[in-house]
Amino acid sequence: MNAVVGIGSSPKRKEDARFVRGKGTYVADIKRPGMLAGVFLRSEHAHAKLNSIDVSKALAQPGVKAVYTGEDMKADNVGGLPVGWGITDKHGDPMKEPPHPPIAHDKVRYVGDAVAFVVADTIEQAQAAAEMIEVDYEVLPAVVGLVDALRPNAPQLYDDVPNNLCADWELGNSSAVDAAFENAAHVASIELVNNRLIGNPLEPLAAIGEFEFASGRYTLWTTSQFPHVVRLLMGEMVLGIPQHKLRVVAPDVGGGFGVKQFHYAEEAVVTWAAGKLGRPVKWVAQRSEGFVSDAHGRDHVTEAELALDEDGKFLAMRVKTLANMGAYLSTFGPNIPTNLYAPLLSGVYQIPSIYCEVKCVFTNTVPVDAYRGAGRPEATFVVERLVDMAAREMGIDKIDIRKRNMIPKEAYPYQTPVIVEYDSGDPLGCLERSEELADVAGFEVRRAESASRGKYRGLGISTYIEACGLAPSRLAGQLGARGGLYESATVRVHPSGAVTVLIGTHNHGQGHETTFAQIVSDRLGVPFEDIDIVFGDTDRVQFGMGTYGSRSLVVGGAALSQASDKVILKGRKIAAHQLEASLEDIVFEDGTFSVAGTDRKKSFQEIAGAAYVPFDFPLETLEPGLEEQSYYDPVNFTYPGGAHFAEVEIDPDTGIVTLERYTAVDDVGTIINPMIVEGQLHGGIVQGIGQALFEHGVYDPTSGQLLSGSFMDYCMPRADNFPQLVIEPHSTTCTHTPMGVKGCGECGTIGSPAAIISAVVDALKPLGIAHVDMPASPNHIWNIIRNARTPVAAE
Amino acid sequence: MRSFNYHKPDTLDAALALLSGNDEALPIAGGMTLLPTMKQRLAAPEDLVDLSGLPGLADVAMEGDILVIGAMTRHADVAASPLVKEKLPALANLASRIGDQQVRHRGTIGGSISNNDPAADYPAAVLALNAEIVTSKRTIAADDFFVAMFETALEPGELVTAIRFPLPEVAAYMKFANPASRYALAGVFVAKTTSAVRVAVTGAGPSVFRASDIEAALAESFDATALERISIDASELMSDIHADNEYRANLVMVMARRAVALAQQSG
Ligand SMILES: Cc1cc2nc3c(=O)[nH]c(=O)nc-3n(C[C@H](O)[C@H](O)[C@H](O)COP(=O)(O)OP(=O)(O)OC[C@H]3O[C@@H](n4cnc5c(N)ncnc54)[C@H](O)[C@@H]3O)c2cc1C
């Protein structure tokens, strides 16, 4: 396809040419000369003192080059893993931030905590040697549950973190909220759990460290969504490697979902070990290892209340959440249940006052951090469940109560009581269209038909909003971010007119190589095939904050758009010189520079060539070359949103929930590539439904063992769990991003869990059920049905 | 995985010779259970004897009134076999629902029953159909074969060569799959012959077992309504994060009723 491919069309994805042929290059595919294999020995106990570690037998095994422990790293002054975002508690104190050594010393705090690292010629030798390490553990009582961890006599993870409380955080005006509750006609309340999730990207984590003596430079190949940030965190703060002496490469990465946007201990350990051994060292997580070495997501316990007037209008909301941090703070751990959660509690509604309190709690579990949606699915779940609850208690239809309280289109920009100001949106428009597509009017007929077969059918709704395009640096800084959140792009035009884009975001399934090429093709009129998108290598790309929080198009695409504008301006200057006209008279359209009102013109390719052959350039005013760079820092978040309807059928004999229909109408702003947007929505919705129906990270409450530690026990959603999803965009234009885009990567995951649970609860309406915790698994639902049918005598 | 010696004998005698007296040797059929255990370093045989080169072990044929299925027959081949579909459709149907495509194209009936996973599907069929297990040494009745969780009557070095299925009047299998693994949370195989009704349950207990109360009720009246007043004792069933024992007890009855209904339809 040697043509311009503009905004709004759906070319096949450029990257798929290599992926569908199995020709991608993932970290595990990379082989370096003299490369050694590393294996971690991980704690089998949730909480224990490390009395001693005897590595002598392991060291004597064939092929073994080294066995490192936490003490070795400590002796080398290796630092702890840093936190990228600090929060301040309600009393003005900083959060408790205990050290997080890459390999544990003194104590282990969760099953999977690294205890030693074995390096050998082959992986089999390293595995065999790891089994020979003798660890003297003094097992301590463990605590994994949020409520349990705050109990007075709970096991303490840290001597200097009383009650395992990392921070007691708040947002909003509690006295205004209290006053509103006093005058309310009705108060709806709910207690709910947001279940722990394990991300499980298709490609497990992997890392290779290498040290080159001659240049004194380190290289880390890693499965990361943000290589520049890893360079910053690991280089500066953990290993003390100057930035110009460290290259971080994140090549093809097989899915991230947030799991790969943290700086992991394993990255630091392989890099450090490579320096010590003078040979490259590779670690690839085993599939089951990933269950305990990848950060987990969600894990909240919440009590929430909504105050309403007699007409069902919302007056105020009060939310109290316990959020699990796991055993250590992961890179963004404390930011997720606070700054990315509480500001979303207004949903798509006008709620005059909101107060939210979040206690961040340490437990003997894998660290918890961002996972697709990160804070926003949790907020949406609270708001939407509470709205359903209020509708039910007040006898108002659940669609109607939403319409009564939605922010009308004309009310944008809308300032919420929880920091954020929504720039644009049309929640009612989304809802009305979704209602039509979902055939809500025909639902009762379908419900009756199910009932005739002895099945319960339910219709669920979720009208959600999210904040994405992370993030305005100024605001982020005020909220505790320890770095800016802009993005950068360089547009390098070659003498032929072909273009290489160097961008700081990272493509790991989102189709950036296609979408970004479309933007450039559209802007510069360059054929789609002539554009390459480069990312993921700190030696090639100037800088970047990476891909997460639905930010790549919103922030990275904006930088790219601005850099393209600069290229056009420079091109016009060259054209003005070449065509002997003034700059003001040069117009650029459809890949051609021309003198307005004449037939004098030069193609983009001709101007690119001229830029590099400046024989007669007026050098005082015109530099040779055609390459421009832009850094874009957003002025606000963007606020995609939408209205989803789910329809489920429940078999009361087995409790199994079958998804019958799913309809999503989403406002993602301007759409560059409709096919990719649809794919993102599909993936997101399915992932959210995974949380609602299937996925559950479960720990044994006493031993602290992870019971859902493999795909035999951790239930991933599969294609046969789904009907064809009905998806339609209903876009409003973002008022502050260059192309009007809002982002779409997390929408589905944020909107869908609440829609599913709303449907399950609706199905069980005949039994008087008001709420169901996730996942709505067969045994769970069967228990609810059985208990409702045969009420247990009060104790 | 630890390193091992790989053998691919081309006669049964050669395979038996490799296995005999060697505690560190294991036969491998489809490898769908054995390989993952080796990767996790839970099994570490020094010698692996691949059965896929042995002649005649993957045949499906009628011998008189008996359907004989070779131990090395893959699940996918049982599911697709015109002979099995005609003579014992319940078994073809069971095989078509084991695991996923990949597993069905590697895993074998001999491997499955030798492994005797408490949640595997085939053991329910073998037990309910009162099949005979033919080994390199003898013939074992199904009632004697499945001893306990992951334990069978097989002696070290003894190989399953075929399973002999007498044909029932009607039979059906119903499985409620574990949503994660898709093994059986409860699977019930119901088989009615001219002389008896046999019902075997997998997934619910520590090992496949016959449900005598259900058998008795169905012997009186082979109809799903005959099971309405029957329940099964939950105390001997398993509990885990997917299903507690009471839920499993319920599932057994639901699957039993559905299996009887299906058997009646097909019969
Ligand atoms: C993802 C997945 C999903 C699955 N889902 C299901 C399911 O839903 N239902 C189900 O029933 N099963 C399921 N299985 C198991 C599958 O059916 C396997 O095929 C079966 O457990 C073992 O058969 P195999 O031929 O692969 O045996 P192998 O793994 O090769 O061997 C298993 C054991 O039996 C021994 N053995 C093998 N053949 C013989 C023989 N002829 N004589 C004596 N000993 C022998 C081996 O030494 C080994 O100890 C699943 C497996 C996987 C990986």
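Does A:Asp76 meet the test of being in contact with an Asp or Glu (Cβ under 7 Å, 6 or more places away or on another chain), modelled with pLDDT of 95 or more and over 17 Å from A:Lys282 (Cα atoms)?
Here the answer is no, as A:Asp76 does not meet what is asked.
Please go through region B:218-260 and give me each residue that is in contact with a strand residue (DSSP E or B) (Cβ under 6 Å, 6 or more places away or on another chain) and assigned to a helix (DSSP H, G or I), ordered by number.
B:Leu218, B:Ala219, B:Arg248, B:Leu251, B:Val252, B:Met255, B:Ala256, B:Arg258, B:Ala259, B:Val260
Show the residue pairs meeting these rules: Cβ distance below 8 Å; 6+ apart or different chains; first residue within region B:21-37 and closer than 19 Å to B:Asp121 by Cβ and touching a residue at least 60 places away in the same chain (Cβ under 8 Å); second residue in a loop (DSSP other than H, G, I, E, B) and more than 6 Å from the ligand (Cβ to nearest atom).
Qualifying pairs under 8 Å: B:Ala29/B:Met72; B:Leu34/B:Ala43.
For region A:142-254, give me every one of the helices (runs of 4 or more DSSP H) that falls completely inside it and has 3 or more residues that are of a type outside the set (Val, Ile, Thr) and either touching a Gly at 6+ places or on another chain (Cβ under 6 Å) or surrounded by fewer than 24 Cβ atoms within 10 Å (Cβ to Cβ) (or both).
In region A:142-254, A:174-182 are the helices (runs of 4 or more DSSP H) which contain 3 or more residues that are of a type outside the set (Val, Ile, Thr) and either touching a Gly at 6+ places or on another chain (Cβ under 6 Å) or surrounded by fewer than 24 Cβ atoms within 10 Å (Cβ to Cβ) (or both).
Looking at region A:460-486, which of its residues are crowded, with 24+ Cβ neighbours inside 10 Å, in a strand (DSSP E or B) and not polar (S, T, N, Q)?
A:Gly460, A:Ile461, A:Tyr464, A:Ile465, A:Cys468
Under the condition of being touching a Ser or Thr at 6+ places or on another chain (Cβ under 9 Å) and facing another protein chain (nearest Cβ under 8 Å), which residue from region A:696-731 is surrounded by the fewest Cβ atoms within 10 Å (Cβ to Cβ)?
A:Phe711
Would you call B:Asp13 away from every other protein chain (no Cβ under 14 Å), over 24 Å from the mean Cα position of the chain (by Cα) and away from the ligand (no atom under 12 Å from the Cβ)?
yes
Does any residue in region B:216-243 that is more than 14 Å from every other protein chain (Cβ to nearest Cβ) come within less than 6 Å, Cβ to Cβ, of a residue that is surrounded by fewer than 17 Cβ atoms within 10 Å (Cβ to Cβ) six or more places away or on a different chain, and which pairs are these?
As it stands, the answer is B:Ala217/B:Ile230; B:Ile230/B:Asp213, since those pairs meet every condition given.
Report yes if B:Val49 is outside the structural domain of B:Gly99 (by TED's automatic domain parsing) and surrounded by 17 or more Cβ atoms within 10 Å (Cβ to Cβ), otherwise no.
Yes.
Provide a single number: the residues in region A:726-770 that are in a loop (DSSP other than H, G, I, E, B), at negative phi and of a type outside the set (A, V, I, L, M, F, W, C).
11
Among B:Ala224, B:Ala263, which is the only one that is modelled with pLDDT of 95 or more, at negative phi and surrounded by fewer than 19 Cβ atoms within 10 Å (Cβ to Cβ)?
B:Ala224
Which of the strands (runs of 3 or more DSSP E) found entirely inside region B:30-75 contain at least 1 residues meeting this: away from chain A (no Cβ under 14 Å), away from the ligand (no atom under 11 Å from the Cβ) and under 21 Å from the mean Cα position of the chain (by Cα)?
Ranges flagged: B:60-63, B:66-70.
Could you tell me which of the residues A:Ile676, A:Ile607, A:Ile671, A:Ile656 is in the same structural domain as A:Glu466 (by TED's automatic domain parsing) and over 30 Å from A:Ser731 (Cα atoms)?
A:Ile656
Let's see how each residue does on (1) away from chain B (no Cβ under 14 Å); (2) crowded, with 24+ Cβ neighbours inside 10 Å; (3) more than 22 Å from A:Ala167 (Cα to Cα):
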position: A:Glu266; (1), (2), (3): yes, yes, yes
position: A:Ala274; (1), (2), (3): yes, yes, yes
position: A:Val281; (1), (2), (3): yes, yes, yes
position: A:Ser293; (1), (2), (3): yes, no, yes
position: A:Asp299; (1), (2), (3): yes, yes, no
position: A:Ala307; (1), (2), (3): yes, yes, yes
position: A:Asp311; (1), (2), (3): yes, no, yes
position: A:Phe314; (1), (2), (3): yes, yes, yes
position: A:Leu329; (1), (2), (3): yes, yes, no
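Answer yes if at least one residue in region A:657-667 is part of a loop (DSSP other than H, G, I, E, B) and buried (at least 19 other Cβ atoms within 10 Å of the Cβ), and no otherwise.
no
Quick one: is A:Ala273 in the same structural domain as A:Gly112 (by TED's automatic domain parsing) and at pLDDT 95 or above?
In short, yes.
Can you find a residue that is over 10 Å from the mean Cα position of the chain (by Cα), more than 14 Å from chain A (Cβ to nearest Cβ), crowded, with 24+ Cβ neighbours inside 10 Å and within 7 Å of the ligand (Cβ to nearest atom) anywhere in region B:76-88?
The answer is no, given that none of the residues of region B:76-88 is over 10 Å from the mean Cα position of the chain (by Cα), more than 14 Å from chain A (Cβ to nearest Cβ), crowded, with 24+ Cβ neighbours inside 10 Å and within 7 Å of the ligand (Cβ to nearest atom).
Tell me yes or no: at least one residue of region A:737-747 is of a type in the set (Lys, Arg), away from chain B (no Cβ under 14 Å) and under 24 Å from the mean Cα position of the chain (by Cα).
Among the residues of region A:737-747, at least one is of a type in the set (Lys, Arg), away from chain B (no Cβ under 14 Å) and under 24 Å from the mean Cα position of the chain (by Cα), which makes the answer yes.
B:Met1: more than 9 Å from the ligand (Cβ to nearest atom), over 15 Å from B:Gly157 (Cβ atoms) and in contact with a Leu (Cβ under 9 Å, 6 or more places away or on another chain), yes or no?
yes
Scan region A:768-780 residue by residue and report those that are more than 15 Å from A:Gly460 (Cα to Cα) and more than 10 Å from chain B (Cβ to nearest Cβ).
A:Gly768
Which ones in region B:91-102 are under 24 Å from B:Ala148 (Cβ atoms) and within 7 Å of the ligand (Cβ to nearest atom)?
B:Ile98, B:Gly99
The values are calculated or read from the model by the stated rules, or taken from the named source; none is laboratory data. Just so it is clear, the model here is predicted, and its values are computed rather than measured. Here Cβ is always computed from backbone atoms with ideal geometry, including for glycine, and neighbour counts include all displayed protein chains.
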